[in-house]
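Have a look at the structure below, then the notes.
The values are calculated or read from the model by the stated rules, or taken from the named source; none is laboratory data. The structure displayed is predicted, hence computed values, not measured ones. No Cβ is skipped: glycine too gets one built from the backbone with ideal geometry, and neighbour counts run over all protein chains shown.
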Amino acid sequence: MENQYTSPFAKWARIFEIIIPIYMFGKSWAMFDERTVQLFQAVFPKFLVDGAVTVRSFLETGGEAFGRFVATYAGTLLGFAVVLLLAAVMHLVLRDRRFIDTLRLTSVTLLPLAIMNGTLSHVMKTYLENIDAASATPEALEQAVVNASNNYFYLFTLFYIIALWVMPRRTGVQGWKRWAVVTVGLLFIVAYVQAGLLIDAGEWAALAPQLMESLAQ
């Protein structure tokens, strides 16, 4: 029988395939400061950001850096809960593998959305930290905050759909189940948006004056 080489790090690689996308997916919900918290509450589902705010409020005596560290991992724990729920639905659809393998598939295919979350949090935070009151017109803010985040959403959602179609095939998913996996992913996107992802017109009408006031100070 032909020998098959297996790397001693293969098990660790499988674990990291689960952990890294989840970490990237969830940590972005907590990467705010006092100046950007309102923006994060508008861009992401508000209850997720509020959860990070609550965790940080309990740790004020630990210093800002320590509070941010804990809040970041609180976001990761929330991300794990969300991915676990999505994986459970995927597992009900597939029913041909162990749950840990379904969790790996779910986590890996979520990488485009994890990158989207990280991009939104980083771009929004960096933009507000570097813009000055003179250049912060309402039109410039809307272009940088609302239009840019919408463009990122459309781009990475397309990548997510591609991942949902390609990755299941590489793990043996055939026939109608591939379409079912894509359908579950699309329903997840809809649920994420309905929960509060992105900024709608009403949110922007309330948020824009607050951002202008913050920048003026």
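A few points about this structure:
- Sole exception among (1) in contact with a helix residue (DSSP H, G or I) (Cβ under 6 Å, 6 or more places away or on another chain); (2) of a type outside the set (Asp, Glu); (3) at pLDDT 95 or above for PHE80, by number: (3)
- Counted residues, segment 149-185 - those being surrounded by 14 or more Cβ atoms within 10 Å (Cβ to Cβ), in contact (Cβ under 8 Å) with a residue 60 or more places away in the chain and under 16 Å from ASP101 (Cα atoms): 6
- Residue within segment 33-53 that is in contact with a Gly (Cβ under 7 Å, 6 or more places away or on another chain), assigned to a helix (DSSP H, G or I), more than 26 Å from ASN147 (Cα to Cα) and at pLDDT 80 or above present: no
- Cross-chain or 6+ apart pairs with Cβ under 9 Å, segment 70-83 first and farther than 12 Å from LEU48 by Cβ, then surrounded by fewer than 17 Cβ atoms within 10 Å (Cβ to Cβ): VAL70/PHE58; VAL70/LEU59; VAL70/GLY62; PHE80/ILE19
- Inter-residue pairs, beta-carbon under 8 Å, first over 21 Å from GLY196 (Cβ atoms) and in segment 50-67, second of a type in the set (Phe, Trp, Tyr) and at pLDDT below 75, 6+ apart: LEU59/PHE66
- Helices (runs of 4 or more DSSP H) contained in segment 108-217 and holding at least 2 residues in contact with a helix residue (DSSP H, G or I) (Cβ under 9 Å, 6 or more places away or on another chain) and modelled with pLDDT of 85 or more: 111-130, 148-170, 176-195, 201-216
- Complete set of residues in segment 98-116 that are charged (D, E, K, R) and free of Cβ contacts under 8 Å to residues at least 40 places away in the same chain: ARG98
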